[in-house]
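Here's the structure we're looking at; comments come further down.
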Amino acid sequence: MLGKFVKKTIAIIFGTRPEAIKLAPVVLALKKDKRFRCRVCVTAQHRHMLDQVLDIFGIVPDVDLNLMKKNQTLAGFTARAITAVDGYLADEKPDLVMVQGDTTTVFAASLAAFYHHIPVAHVEAGLRTGNLQSPWPEELNRVLTTRMAALHFAPTASNRKNLIKEDIPSKNIVVTGNTVIDALFLALAKVSKNPPHIPGLPQALQPTAHASRFTSHSSRLTPPTPLVLITGHRRENFGGGFENICRAIALLARQFPKTHFVYPVHLNPRVREPVMRILSPGAPGAMLPNVHLIEPLDYLSFVALMNRATLILTDSGGVQEEAPSLGKPVIVMRDTTERPEAVKAGTVKVVGADTRNIVRAAAALLTRPALYKKMSTAYNPYGDGHATERIVSACRAFLTPL
């Protein structure tokens, strides 16, 4: 019986850092399982950040398409990805293609697999905002991938309901939890043994093996030094949105001079320009010694800094899932979220890229211990760290039907 499993090939295709993080536990599990032949193909949609994650988890791609080009457009990358994955699939001939999330790589790989009549397994299926413009182009990518996928791994029951509403057969949907929690637990084990040093931060802000804690004492945060972690990269915030976010950070830094605001600035020039123009030490009127603009972090360093943070301001999707497992309240600087479970659970608050709303929400958490405690101890709806096991089991059942 075992021999039947060995010949089943699963091709896992990804290209960005978030995909690599969320698929790493699945890759490692499938590589260890003798019933599968697991092949890893990367598009390198984000070259440098992807390679960092691969190194952390010790994953060596079987095929590296190396498609990233400087100043690439979405259309250009999509065309190159479909063509390159098409050639890869023609050679590999896998029994199943696995993709994760909502990137251009996901859509291109799914379409190429569809053309080859190869079934697609979609990890993190069923997330929806209902607005094709937000997040853009991710909402379209995941909606189209759903139409092409044969196996849907939904992180939550709400995601499953979204798929059922779109006429996806229930027998093709498995609620798994989110693999980002599996990856987070692996990363925490590493940083707890050897906390990384983060360039550009004073010693008082460096991660330790212990998370910061918020307690009620004269309405102040207790040591270690309070730290607000900020991330931002969404296309829909380009321009005025990022200017509003930066102004909010500046206002908060002045209102809370003993709180430090740490911003690993995304490499995209359309992100860096307003950040540097408004928040850098050389910016007119900036003079914000408690604002620290640092270079993007590798995954382990970012996990360590999340664990060190008091609260998080972000427009990211993955952070909304990770931070609740660390007991960190999240303020989402977007108008919509495809992760309403976190909002319902109380771990996340959506405020948009609006200066006044960002300042109001962050100030409330920094001055109201009861509110902070309520958000930081709320139920995490994204799983128990065993999503990988459920995915592997479902793949086994799908590839070896009775």
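The values are calculated or read from the model by the stated rules, or taken from the named source; none is laboratory data. Values in this document were obtained by computation on a predicted structure and should not be read as measured data. Neighbour counts are summed over all protein chains in view; Cβ atoms, including those assigned to glycine, are modelled from backbone coordinates with ideal geometry.
A few remarks follow.
- Enumeration of residues in segment 104-130 that are part of a loop (DSSP other than H, G, I, E, B) and buried (at least 23 other Cβ atoms within 10 Å of the Cβ): Glu124, Ala125, Gly126, Leu127
- Considering residues of segment 180-201 that are without any contact (Cβ under 8 Å) to a residue 24 or more places away in the chain and part of a loop (DSSP other than H, G, I, E, B) only, the residue nearest to Asp384 (Cα to Cα): Asn194
- Selection from segment 239-282 of residues that are closer than 18 Å to Ile312 by Cβ and outside any helix (DSSP H, G or I): Phe256, Thr259, His260, Phe261, Val262, Tyr263, Pro264, Val265, His266
- Within segment 159-179, being of a type in the set (S, T, N, Q), in contact (Cβ under 8 Å) with a residue 12 or more places away in the chain and not in a loop (DSSP other than H, G, I, E, B) holds for Asn159, Asn162, Asn172, Thr179.
- Any hit, segment 231-242, residues being modelled with pLDDT under 90 and more than 23 Å from the chain's Cα centre (by Cα): yes
- Residue under evaluation Lys161, criteria (1) at pLDDT 95 or above; (2) more than 22 Å from Lys344 (Cβ to Cβ); (3) out of contact with any Phe, Trp or Tyr (no Cβ under 7 Å at 6 or more places or on another chain), criterion not met: (2)
- Taking the criterion of being in contact (Cβ under 8 Å) with a residue 40 or more places away in the chain and small (Gly, Ala, Ser), the residues of segment 235-285 that qualify are Gly240, Gly241, Ala248, Ala250.
- Against the numbered list (1) closer than 24 Å to Gly317 by Cβ; (2) part of a loop (DSSP other than H, G, I, E, B); (3) free of Cβ contacts under 8 Å to residues at least 24 places away in the same chain, Ala44 comes up short only at (3).
- Only residues that are free of Cβ contacts under 8 Å to residues at least 12 places away in the same chain and aliphatic (A, V, I, L, M) were counted in segment 58-83, giving 2.
- Residues of segment 56-103 that are of a type in the set (D, E, K, R) and either surrounded by 13 or more Cβ atoms within 10 Å (Cβ to Cβ) or closer than 27 Å to Phe398 by Cβ (or both): Asp62, Asp64, Arg80, Asp86, Asp91, Glu92, Lys93, Asp95, Asp102.
- Segment 119-148, subset among the β-branched types (Val, Ile, Thr) and free of Cβ contacts under 8 Å to residues at least 60 places away in the same chain, residue farthest from Gly87 (Cα to Cα): Val143
- Checklist (1) outside the structural domain of Gly58 (by TED's automatic domain parsing); (2) at pLDDT 95 or above applied to Ala112, failing item: (1)
- Test: residue in segment 182-197 that is in contact with a Gly (Cβ under 6 Å, 6 or more places away or on another chain), modelled with pLDDT of 90 or more and either over 23 Å from His292 (Cβ atoms) or surrounded by 12 or more Cβ atoms within 10 Å (Cβ to Cβ) (or both): yes
- Residue check for Tyr88: touching a Cys at 6+ places or on another chain (Cβ under 8 Å) and not polar (S, T, N, Q): yes
- Number of positions in segment 149-158 that are crowded, with 24+ Cβ neighbours inside 10 Å and touching a residue at least 60 places away in the same chain (Cβ under 8 Å): 2
- Options Val271, Val262, Val275, Val291; residue that is touching a Pro at 6+ places or on another chain (Cβ under 9 Å), closer than 30 Å to Thr16 by Cα and not acidic (Asp, Glu): Val291
- Restricting the search to strands (runs of 3 or more DSSP E) fully inside segment 283-402 and requiring at least 2 residues that are outside the structural domain of Arg160 (by TED's automatic domain parsing) and buried (at least 22 other Cβ atoms within 10 Å of the Cβ) gives 311-314, 330-332.
- Annotation note: of Ala112, Ala90, Ala84, Ala79, the sole residue that is more than 24 Å from Asn178 (Cβ to Cβ) and in contact with an Asp or Glu (Cβ under 6 Å, 6 or more places away or on another chain) is Ala112.
- Looking only at segment 1-55, and only at residues there that are polar (S, T, N, Q) and farther than 23 Å from Arg396 by Cα, the one that is modelled with the highest pLDDT: Thr43
- Scanning segment 328-354 for residues that are touching a helix residue (DSSP H, G or I) at 6+ places or on another chain (Cβ under 8 Å), over 16 Å from Asn131 (Cα atoms) and of a type in the set (Lys, Arg) yields Lys328, Lys349.
- Test result for Thr78, in contact with a helix residue (DSSP H, G or I) (Cβ under 8 Å, 6 or more places away or on another chain), at negative phi and part of a helix (DSSP H, G or I): yes
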